[in-house]
Amino acid sequence: MKNRGFNINRKRVARIMKEHHLRASPKAKKYHSYRGEVGVMSPNVVKRKFDVGRPYRVFGTDVTQFSISCGKLYLSPIIDFHTREIVAYDLSEHPNLNQIKRMMNKLEYEYGDELPGAILHSDQGWQYQQKWYQDKLEKLGMRPSMSRKGNCLDNSPTENFFGRLKEEMFYGHEWKYESLAELKRDIIAWIDYYNNERIVSYLKDSPIRYKAKLILMKA
């Protein structure tokens, strides 16, 4: 501010920001799990045809990072591209294969009978190239699909979900979290709200209520 004729004490600015719960922080870097070809690579089966008109046919997954002063959390969800429901997810301090294993086991436990013939789309992250992941998809009767390298539009419903989540409950609120446990609690609460209450514009309903209507129509 000196070049504009003002001489402001840095400590005073810090005190005022603290009083108003303000923090200046650089833009968070996007988490990238790509490490080259370290295992099995799959073609892009989806080719941006995200919705085939019914649930349990095309799913998407990815990992996103939440960074606060005391550490980082990584969210790995699976999204049904038709209903936009988060059908399984895992929150972890470590974006490793164990996180993917827990998420996939939750998917199998909740929806195993619905999965044969379905597609699970991801980026080319090293987690999705691992033999365990590929074998798990085969066991579930699912087909893997991977985005082209560096093309986020190939998995845009998942990217849109991450953007919506962070805009509504995280960006601008990072300062209030004093522990990863608090952040984890709020992410879990928001996902529950998103699945059960938040209106998805093109569905004109929440994911869970929309799916319930589909079930009633088939009954």
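Some notes on this structure:
- Unsatisfied cross-links (Cα-Cα over 21 Å) in the set Lys166/Lys213; Lys49/Lys149; Lys47/Lys149; Lys72/Lys131; Lys101/Lys131: Lys166/Lys213; Lys72/Lys131
- Using only side-chain charges placed at the Cβ, +1 for Lys and Arg and -1 for Asp and Glu, the dipole size of the stretch 39-218 relative to its Cα centre rounds to 600 debye.
- Counted by Cβ distance under 12 Å from Ile187, the other residues give a net charge of -2, where Lys and Arg count +1 and Asp and Glu count -1.
- The stretch 165-205 versus the stretch 83-140: alpha-carbon centroid distance in Å: 22
- Using the average count of surrounding beta-carbon atoms within 10 Å as a protection proxy, the listed peptides 160-171, 85-96 rank, highest first, as 85-96, 160-171.
Each value in this text was obtained by applying a stated rule to the coordinates, not by laboratory testing. All of these numbers come straight from a predicted model, not from anything done at the bench. Cβ: placed from backbone, ideal geometry, glycine included. Neighbour counts: every protein chain shown.
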